[in-house]
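The values are calculated or read from the model by the stated rules, or taken from the named source; none is laboratory data. A quick note: this is a predicted structure, and the numbers were derived from the prediction, not measured. Don't worry about glycine lacking a Cβ; one is built from the backbone with ideal geometry, like all the others, and counts go over all protein chains shown. These accessible areas exclude ligands, DNA and RNA; they are computed on the full protein's heavy atoms, side chains included. Shrake-Rupley method; radii C 1.70, N 1.55, O 1.52, S 1.80 Å.
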Amino acid sequence: MSGIEQEIQRRLFELQDLKYKEFACKLMPTVNPETVIGVRTPDLRKLAREFAKTPEASEFLQILPHAYYEENNLHGFLIETIKDYETAARAVDAFLPYIDNWATCDLISPKIFKKHLPELYAKIKVWLISNRTYTVRFGMGMLMSFYLDDDFRPEMLDLVAGIRSEEYYVNMMIAWYFATALAKQYEAALPYIQEQRLEKWTHNKAIQKAIESYRISDKAKAYLRTLKIK
């Protein structure tokens, strides 16, 4: 183990909250509890902000795999601080194969990506056809975060609707994406529900999540309820 790993793990254990660890482990059934220290996200973000200013931060980003869940989350938060698009994209590509849970996957959203949407979209299309669960989920997350407002294109709905997987965490993200699309691009997204373009479970979950959204009108919610597949 390198000196920087030892130092990071020491800092993480100083921030340990065992009650939070117990809570977090219940939310992440795919993660071995022995790899979870129990550090609250605000504390982890604060550590990342401090650590990002040191020369050792780039060294830490070269160390994969990590031993602990929180090390992975710290890794993700450090990637978010990278100000050069190409460097950030390479760091994400290097890290994605090591992500083994939904929580780490969903927390990463480099700010620099927003300034390079055409380049990012090309990468997303590659991520979506990966055979890795969390690479696919991350690609959908980026589409949901950056491309459902002014940069939306109807073809993006086709990309997500075309994904077929047995993985719960992929299908849940498809449902989440379409629920958000119904909130932000209702006219474009609705035909995918009307025409039952998604798998039954994902279709019904998308409707459920849309109905729970405060951004969708009561009239639209009432109609969506009629579209559930029995």
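A few notes on this one:
- Among ALA161, ALA122, ALA183, residue whose mean-square fluctuation peaks in a GNM of the chain (springs only between Cα atoms under 10 Å): ALA122
- Accessible surface of region 16-98, 1.4 Å probe: 53 percent of it comes from carbon and sulfur atoms.
- Oblate is the label for region 27-182, because a/c, from the alpha-carbon gyration tensor with a ≥ b ≥ c as root eigenvalues, is 1.5 or above and a/b does not exceed b/c.
- For region 48-63, putting each phi into the Karplus relation 6.51 cos²θ - 1.76 cosθ + 1.60 with θ = phi - 60° gives couplings of 4, 4, 5, 5, 4, 7, 9, x, 6, 4, 5, 5, 4, 5, 8, 8 Hz, in residue order, rounded to whole numbers and with x for Gly and Pro.
- Among the GluC sites (Glu not before Pro) in region 191-230, those located in a DSSP loop and surrounded by at most 14 other Cβ atoms within 10 Å of their own Cβ are GLU195, GLU212.
- Apportionment of accessible area to carbon and sulfur, region 187-230, percent (1.4 Å): 48
- Spacing of the two label points (7 Å from each Cα toward its C-beta) at LYS230 and ARG153, in nm: 4.1
- Candidates THR135, THR81, THR54: whichever shows maximal mean-square fluctuation once the chain is modelled as a Gaussian network with Cα springs under 10 Å: THR54
- Value at 222 nm in deg cm²/dmol, rounded to 500, when DSSP H runs of n ≥ 4 in the chain each add -39,500 (n - 2.57): -19000 deg cm²/dmol
- Each Cα pair under 8 Å and six or more residues apart adds its sequence gap; the mean of these over the residue count of the chain is a relative contact order of 12 percent.
- Solvent-accessible surface of region 144-230, taken per residue with a 1.4 Å probe and all protein chains present: 54 Å².
- Expressed as a whole percent, the accessible area of region 130-173 that falls on carbon and sulfur atoms is 41 (1.4 Å probe).
- Counting only protein heavy atoms and a 1.4 Å probe, region 84-135 has 49 square angstrom of accessible area per residue.
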